[in-house]
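First up is the structure itself, then whatever we jot down about it.
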Amino acid sequence: MEEQQIIGKGTWIDKLAHELLERERALGRNTSLITVESGLGASGIPHIGSLGDAVRAYGVKLALENFGYKSELIAYSDDVDGLRKIPEGLPDWLNEHIAKPVSLIPDPFDCHDSYGLHMSSILLDGLDKLGIKYRFERGIDTYRKGLLKEQIHTILVNSKKIGEKIAEMVGQEKYKDVLPYFPVCANCGRLYTAIAYEYLPGEKKIKYKCNGSTIGSKVIPGCGHDGIADITRDLGKLAWKVEFAARWQVFDIRFEAYGKDIMDSVKVNDWVADEILGFPHPTHVKYEMFLDKGGKKISKSLGNVLTSQAWLRYGTPKSILLLLYKRITGTREIGFEDIPVLMDEYNELENIYFGKIKLDN
């Protein structure tokens, strides 16, 4: 398709889909099904920004289909991540579960099997209300089924090389001394406190000690347990600096957007995918964060969240889609007062599209 035709479509999404297709052709990869992915954080209450990652990936899926290709969106819940802090308004008893995988923490609302599944369900409900079609995958299932075991093995065998590259690329030195893998401590059930220090490749086991960890400004003590974990059977997870690459390969991901706050992790994962796993990393697009009207980052843990459920009490699904699709660059401050503005803008654009309003050009 000629560039002039793409520009005529007038969206960044179409241009991005075109670039993705050109890259896939150059790589010589099969394009019978092009899978795009959105990672769903499960550690706090999902907000409009969390929703935006999946909605934009879905937009790329639609653009690929418009070009005549079959495409699918995977919504992947990172529910093996450990709980780092308690979101505002949630009960204090969650403090005893800090650093445990969110999929193993009880649901404080008593309506889902776990804390992680509850938080994921809020985001999935938002996607459903917007008409977004997706295939839901959970981290806990991915690890328990052993889908990543070969990637985990390859990464751990190459951990020294990876640790040096992480230090070179982003200045983080820790993985020169420890493995980029967090076992769940067999004694206390915590994730980040169990430090993996040796891999036994013949047995596919790691040695670890639950020494404790610092999360933000908070020191989380370990229980002191010395353990050995089997990466093919015992629950644990790859560090973020390498985990994306593993699941990109397993799920054959060709596109994933990312927020600027995880840019370093994406950069390292691209290298790991290309150089360690031999899987060409997905096409990416970087997006900026949404801020509240005071200019503060909207955070799942700080409690200043604007959820899709709250938005839809006053606005339409189309007003959210317009907010998320109209552009991807630049930081934006958003609040409830934007809802009528976006609804009016959508109505005007609809009238222009159907010829009820005539423009000079």
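Go through V170, V60 for me and flag whichever is surrounded by fewer than 20 Cβ atoms within 10 Å (Cβ to Cβ) and modelled with pLDDT of 95 or more.
None of the others qualify; the one that does is V170.
For segment 278-311, which residues satisfy the criterion of being touching a Lys or Arg at 6+ places or on another chain (Cβ under 7 Å) and at pLDDT 95 or above?
Within segment 278-311, P282, T283 meet the criteria.
Going by what's in this entry, would C188 be described as part of a loop (DSSP other than H, G, I, E, B), within 30 Å of I48 (Cβ to Cβ), of a type outside the set (A, V, I, L, M) and over 17 Å from the mean Cα position of the chain (by Cα)?
no
Which of the residues that make up segment 303-361 are in contact with a strand residue (DSSP E or B) (Cβ under 8 Å, 6 or more places away or on another chain) and more than 20 Å from A257 (Cβ to Cβ)?
Within segment 303-361, just E333 meets the criteria.
Out of all the residues in segment 79-108, which are among the charged types (D, E, K, R), touching a strand residue (DSSP E or B) at 6+ places or on another chain (Cβ under 9 Å) and either surrounded by 24 or more Cβ atoms within 10 Å (Cβ to Cβ) or over 24 Å from A194 (Cβ atoms) (or both)?
Once the filter is applied, which keeps residues that are among the charged types (D, E, K, R), touching a strand residue (DSSP E or B) at 6+ places or on another chain (Cβ under 9 Å) and either surrounded by 24 or more Cβ atoms within 10 Å (Cβ to Cβ) or over 24 Å from A194 (Cβ atoms) (or both), segment 79-108 yields only D79.
Being assigned by TED's automatic domain parsing to the domain that holds V305, farther than 30 Å from A63 by Cα and within 17 Å of the chain's Cα centre (by Cα): is that true of P106 here?
No: the conditions fail for P106.
Check off (1) assigned to a loop (DSSP other than H, G, I, E, B); (2) surrounded by fewer than 16 Cβ atoms within 10 Å (Cβ to Cβ); (3) touching a Lys or Arg at 6+ places or on another chain (Cβ under 8 Å) for G131 and give me the number that stays unchecked.
With respect to (1) assigned to a loop (DSSP other than H, G, I, E, B); (2) surrounded by fewer than 16 Cβ atoms within 10 Å (Cβ to Cβ); (3) touching a Lys or Arg at 6+ places or on another chain (Cβ under 8 Å), G131 is out only on (3).
Filter segment 109-128 down to residues that are charged (D, E, K, R) and either buried (at least 22 other Cβ atoms within 10 Å of the Cβ) or more than 19 Å from the chain's Cα centre (by Cα) (or both) and give me whichever is farthest from K237 (Cα to Cα).
Applying the filter and picking the extreme gives D110.
The values are calculated or read from the model by the stated rules, or taken from the named source; none is laboratory data. The structure displayed is predicted, hence computed values, not measured ones. Positions of Cβ are backbone-derived with ideal geometry, glycine not excepted, and every protein chain shown enters the neighbour counts.
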